[in-house]
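The block underneath contains the structure these notes are about, expressed in structure tokens.
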Amino acid sequence: MKIQVHGDNISVTSALQDYVDKKIGRLTRYFEGEADKDIHVRMAVEGTNHRIEMTVHVHGMIFRAEETSSNMYASIDLVTDKIEEQVHRYKEKINRRFRDDGLRTRIRQTARHERIFNDMYEGDEPRLVRVKRFPMKPMAPEEAIMQMDLLGHDFFVFTNADTEEVNVVYRRKNGDYGLIEPQI
């Protein structure tokens, strides 16, 4: 497992690094075998707030969470809990699907998270309720942002005129925009 910790406006001390390693170690119990585990943690101090962004790449899946609090260690705890919950929800979906097909996955079951998941959904599994189809004309990301704003959506799928690939623009929590491009 490769853990990379970066600091913006903060130096990553060995105590912070050890704490992150310890908290991330909790996640390894969910995965069997040697996986491509790549974890990126970005710490930032903005005034009196301590922000943590964590991205976990494992078994071809990406889990991401972000938390802000007045204490760096509390932010690490909160973001790790969020990632753990995401991993658990994913694990439940995949394990259920594989169990129905009589297969095994590389994601382990824990009794605590099985109870939490069952309490969350109480038998009502999330379902796809709508499918939209629309023509995708090639456009620049700036034009896609304008189109997204005109529609009042938080994201917009489009064909990038420069790369001729499908891209997604989205509105970030801070009001800025992001662009998702495929990596092949």
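Among residues belonging to segment 115-139 that are in a loop (DSSP other than H, G, I, E, B) and either at pLDDT below 75 or β-branched (V, I, T) (or both), point out the one that is nearest to I184 (Cα to Cα).
The selected residue is V131.
Does segment 155-177 hold any residues that are hydrophobic (A, V, I, L, M, F, W, C) and within 18 Å of the chain's Cα centre (by Cα), and which are they?
F155, V168, V169
Of all residues in segment 40-77, which are outside any strand (DSSP E or B), over 13 Å from Y19 (Cβ atoms) and not β-branched (V, I, T)?
Correct list: G47, H59, G60, S70.
Taking segment 25-34, which residues are surrounded by 17 or more Cβ atoms within 10 Å (Cβ to Cβ) and at pLDDT below 75? Explain how you work it out, then say what you get.
Filtering segment 25-34 down to residues surrounded by 17 or more Cβ atoms within 10 Å (Cβ to Cβ) leaves 27, 30-31.
Correct list: Y30, F31.
Read through the list (1) at pLDDT 85 or above; (2) part of a strand (DSSP E or B), then give the number of the only condition that K22 fails.
K22 satisfies every listed condition except (2).
Could you say whether any residue in segment 97-114 is outside any loop (DSSP other than H, G, I, E, B), at pLDDT 80 or above, surrounded by 14 or more Cβ atoms within 10 Å (Cβ to Cβ) and of a type outside the set (S, T, Y)?
Checking segment 97-114: not a single residue is outside any loop (DSSP other than H, G, I, E, B), at pLDDT 80 or above, surrounded by 14 or more Cβ atoms within 10 Å (Cβ to Cβ) and of a type outside the set (S, T, Y).
Report, by residue number, each residue of segment 140-175 that is in a strand (DSSP E or B) and at pLDDT below 90.
Taking segment 140-175 and keeping what is in a strand (DSSP E or B), we get 155-160, 166-171.
Hits for segment 140-175: nothing passes.
So which pairs qualify, if the first residue must be in segment 53-73 and on the phi > 0 side of the Ramachandran plot, the second must be assigned to a loop (DSSP other than H, G, I, E, B), the Cβ gap must be under 8 Å, and the two must be at least 6 apart or on different chains?
If the second residue must be assigned to a loop (DSSP other than H, G, I, E, B), the pairs left are H59/A35; H59/D36; H59/R106; G60/D36.
The values are calculated or read from the model by the stated rules, or taken from the named source; none is laboratory data. Just so it is clear, the model here is predicted, and its values are computed rather than measured. Neighbour counts run over all protein chains shown; Cβ positions are idealised from the backbone, glycine included.
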